[in-house]
1. I'd like to verify a number: residues in the stretch 1-58 that are closer than 27 Å to Gly82 by Cα, small (Gly, Ala, Ser) and at pLDDT below 55, how many?
2. Looking only at the stretch 36-53, count how many residues are part of a helix (DSSP H, G or I) and over 10 Å from the mean Cα position of the chain (by Cα).
3. Looking at (1) at pLDDT below 85; (2) closer than 18 Å to Val40 by Cβ; (3) surrounded by 16 or more Cβ atoms within 10 Å (Cβ to Cβ), can you tell me which one Ser135 breaks?
4. Within the stretch 67-91, can you find the residues that are of a type in the set (Phe, Trp, Tyr) and farther than 15 Å from Leu34 by Cβ?
5. Got a number for residues in the stretch 63-96 being exposed (fewer than 14 other Cβ atoms within 10 Å of the Cβ), part of a loop (DSSP other than H, G, I, E, B) and either free of Cβ contacts under 8 Å to residues at least 12 places away in the same chain or of a type in the set (A, V, I, L, M, F, W, C) (or both)?
Amino acid sequence: MKTLYHLTLSSLAFLALSGCLHPAKPYLDKALELSRAGFVAHPANTTARYSLMNTLPPGMITYRMGPDEKPIFVFADPIACGCVYMGDETAFKNLRKRNAARTKKHGNAPGDDDLSTMTAENHRDTTAWDWTIWSPAADPDNNQPRHMLGDSW
């Protein structure tokens, strides 16, 4: 009887604590929001992509000027997916509309970044953003970039 009591008590304690041990939950929630708004996840599955992802502030939306000199909004998610979510101005506007609706209902959430904060972060970052490493032609397939398939190293 005493063993059953201890087993039940330890099981309940484990279940109670397991709800607190999800460090990726805020990232997963944000990923769902971003996806619904029109952002696309790009995996950091090469050394160059991983390195560039780590120059971004994790869990914060910011932007980098795209090749066409228009801002591309980015969100680094090194914990949940190891990827960078990217979206254009339309996706960012959709996200802001969704956040405004949620804020009306529940109040501000962490990660609801304003444009001035993003601009300050963008100007503070001195890393050259290389868009070519995010192109589909640079995606690895069978541990080789696509443009190298069938070729020898």
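The values are calculated or read from the model by the stated rules, or taken from the named source; none is laboratory data. The structure displayed is predicted, hence computed values, not measured ones. Glycine gets a Cβ as well: all are built from the backbone with ideal geometry, and neighbour counts include every protein chain shown.
1. 2
2. Looking only at that region, the number is 8.
3. Going through (1) at pLDDT below 85; (2) closer than 18 Å to Val40 by Cβ; (3) surrounded by 16 or more Cβ atoms within 10 Å (Cβ to Cβ) one by one, Ser135 breaks only (3).
4. none
5. Summing the residues that are exposed (fewer than 14 other Cβ atoms within 10 Å of the Cβ), part of a loop (DSSP other than H, G, I, E, B) and either free of Cβ contacts under 8 Å to residues at least 12 places away in the same chain or of a type in the set (A, V, I, L, M, F, W, C) (or both) in the stretch 63-96 gives 2.
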